[in-house]
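In what follows, a single structure is set out as structure tokens and then discussed.
The values are calculated or read from the model by the stated rules, or taken from the named source; none is laboratory data. Since the structure is predicted, the reported quantities are computational estimates derived from the model, not experimental observations. In this analysis, Cβ positions are derived from the backbone assuming ideal geometry, glycine residues included, and neighbour counts consider all displayed protein chains. Areas reflect the complete protein model, heavy atoms only, side chains present, ligands, DNA and RNA absent. Shrake-Rupley method; radii C 1.70, N 1.55, O 1.52, S 1.80 Å.
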Amino acid sequence: MKFAVSLFATFSIIVGAMLFMQYQVYSNQDIPTNEAFTYSQEIEITYRAGSLDIRHHFKNLPNDSLEIVWPALATDRNCFLETEYSCARLSEDKATFEAGENRTQSVSYIIPLEGGLTSENVVKNVYASLKNGDVKFSTVHISTESSVAGQWVTGLPLIGQQSLALVNYSMFSGNGQVYDLYWQQTGLALQKKTDALSIYANTDISAEISQAADELNRLSDEHIAIIAGNNIEVKAHRMLFLPQLSVPALQKEFMMAQVESQYTFVDSPLWLKHVVAMYLSGETFGTPRAQKIMEILTNQMTEEQLADWKKRLKELEGNVVSPEVLDKQLSAVLGTYTEYLSMNVDAAQTYPFMFHDKRKVYVNSVLTEDIDVVLYEGKVLYTADPLLHSIGYTTSLGPNGYYVNSDTRVFRFPENEHGFYVFNQRRYNTTTSPLSVVAGTYYIEESWLQRLFLINLQKDEQSVQITTTAQQ
């Protein structure tokens with residue numbers, strides 16, 4: 001037992017030094033209540049009788065009123081009276097730390113575990129936090145009775161662990177917030193640790209994987225834990241479960257974990273996340289569509305534009321990211337408006353790159369939202385179906401091409417550009433094709449639209465006005 005006390009004291013000295021350095025950086029903050037602020041934390045977890053007993057110390061707090069965000073499963077929420085002033089700011093309803101000068105406040109709570117501690121199970125959202133607070137540094141101590149042996153993982157770097165006569169003890173410490181907790185009873189051990197990641201596995205890792213871990217491109221200062229050989233599908237913060245550990249899997253999944261922790265993706269397919277990750281990392285991986293879109297985008301940019309694009313992606317860290325958000329940034333880089341990424345979200349095929357005309361389109365003075373006007377390969381194109389429908393034609397695909405019909409006018413355009421079209425049963429040769437098919441969507445070229453379908457076009461800075469000039 002003396003040895004356990006000595007071990008804990010040694011770790012406490014290490015933690016104290018780390019927290020002191022954090023204090024020097026973050027202690028001089030005086031930020032209003034409802035605005036973002038930073039703090040550090042130290043968390044003591046003891047597993048006993050089927051629950052996690054937690055003592056949570058919030059450090060380097062601003063002197064404003066701070067709302068406590070308790071874990072949904074937390075019971076027995078209370079003060080932890082470590083010193084005379086440990087709970088001086090804790091409100092009676094345990095909902096806030098009230099404004100005050102005490103920079104460290106401590107609480108305790110219990111997280112019941114249904115069925116007790118279960119091997120290979122992720123316990124999610126274990127820890128309390130502070131609303132609008134950004135955790136810069138976390139330390140977690142975990143203790144169990146000596147009969148409860150196994151490997152704990154938090155996502156933070158493992159500082160040390162020891163099995164003693166009466167207690168098993170682990171300590172984790174590192175930058176950023178900690179969220180979840182994982183425990184495996186047997187067959188798991190720390191095999192590799194770098195500043196960027198820890199690899200836990202049931203066997204020694206290869207020299208190739210160890211070297212790859214040393215060379216990984218790091219996008220953030222938050223450590224990530226990789227648990228190899230486990231087919232666990234639960235998403236956990238700062239933890240990756242890889243059934244098969246290989247160099248390609250390590251590189252890809254590590255990069256994706258960093259990107260998903262740095263950005264809030266909304267309405268974004270997997271390929272879009274891969275595109276962002278590849279640009280930030282300089283590595284090539286991901287779905288075939290992601291790689292194709294990245295190739296198309298890169299070919300549109302000069303070296304200066306590519307550097308600006310990567311800079312803008314980096315600046316989006318911590319923000320909501322969607323195809324629309326990225327299209328806006330891409331348009332700023334290229335100097336011309338595009339909806340390229342948004343177009344590809346639901347497309348059956350990958351679109352080639354095109355610019356978009358932002359102006360509103362009116363047909364006979366009626367606003368038509370579903371007509372797109374694009375610039376592609378030097379041609380101004382209009383989405384054929386909605387435009388032709390709006391001027392009184394029906395459209396269909398047949399065995400010999402694309403058909404456009406009205407009561408008196410019948411067109412057929414070969415699906416492939418054969419250098420002719422058919423109008424009212426008569427063939428007309430052309431040097432350019434009136435119709436283009438781009439990623440399965442039919443477009444009609446602007447000059448042919450005016451020539452064949454008897455319309456006038458007028459454009460100003462805000463709109464494109466299409467008016468029919470004769471009976472269609």
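Details
- Qualifying residue in segment 211-218 (condition: farther than 25 Å from T38 by Cα, surrounded by 15 or more Cβ atoms within 10 Å (Cβ to Cβ), over 23 Å from the mean Cα position of the chain (by Cα) and of a type in the set (S, T, N, Q)): no
- When E98, E67, E120 are checked against the criterion of being free of Cβ contacts under 8 Å to residues at least 60 places away in the same chain and not aliphatic (A, V, I, L, M), E98 stands alone in meeting it.
- Restricted to segment 306-331, and to residues there that are in contact (Cβ under 8 Å) with a residue 24 or more places away in the chain and more than 17 Å from the chain's Cα centre (by Cα), the residue that is nearest to V259 (Cα to Cα) is W309.
- Here H274 fulfils each of the conditions (1) farther than 21 Å from Q177 by Cβ; (2) open to solvent by 10 Å² or more (accessible area, probe 1.4 Å); (3) without any contact (Cβ under 8 Å) to a residue 60 or more places away in the chain; (4) not hydrophobic (A, V, I, L, M, F, W, C) apart from (2).
- Pick from segment 380-399, criterion more than 18 Å from E446 (Cα to Cα) and assigned to a strand (DSSP E or B), ranking: least open to solvent (accessible area, probe 1.4 Å): G398
- Hits in segment 32-62 (condition: surrounded by 14 or more Cβ atoms within 10 Å (Cβ to Cβ) and either among the small types (G, A, S) or modelled with pLDDT under 95 (or both)): T33, S40, S51
- Test: residue in segment 93-105 that is among the hydroxyl-bearing types (S, T, Y) and either over 24 Å from L181 (Cβ atoms) or in a loop (DSSP other than H, G, I, E, B) (or both): yes
- Residues that are open to solvent by less than 50 Å² (accessible area, probe 1.4 Å), farther than 20 Å from V345 by Cβ, in a helix (DSSP H, G or I) and among the hydrophobic types (A, V, I, L, M, F, W, C), drawn from segment 301-335: L306
- Count of segment 346-368 residues which are over 30 Å from the mean Cα position of the chain (by Cα), of a type outside the set (K, R) and open to solvent by 20 Å² or more (accessible area, probe 1.4 Å): 6
- Contacts under 7 angstrom Cβ, first residue in segment 193-219 being over 17 Å from V259 (Cα atoms) and among the acidic types (D, E), partner surrounded by 12 or more Cβ atoms within 10 Å (Cβ to Cβ) and at pLDDT 95 or above, 6 or more apart: D204/Q191; D214/T194
- The set of residues in segment 416-472 being part of a strand (DSSP E or B) and among the polar types (S, T, N, Q) consists of N429, S436, T441, N456, Q458, S463, Q465, T467, T468.
- Some residue of segment 225-242 being without any contact (Cβ under 8 Å) to a residue 24 or more places away in the chain, open to solvent by 10 Å² or more (accessible area, probe 1.4 Å), more than 22 Å from L280 (Cβ to Cβ) and assigned to a strand (DSSP E or B): yes
- In segment 63-83, the residues that are open to solvent by less than 70 Å² (accessible area, probe 1.4 Å) and of a type outside the set (A, V, I, L, M): N63, D64, S65, W70, P71, T75, C79, F80
- Cβ pairs under 8 Å, 6+ apart, first in segment 426-440 and more than 17 Å from R409 (Cα to Cα), second assigned to a loop (DSSP other than H, G, I, E, B) and small (G, A, S): N429/G419; T430/G419; T431/G419; S433/G419; A439/A347; A439/A348; G440/A347; G440/A348
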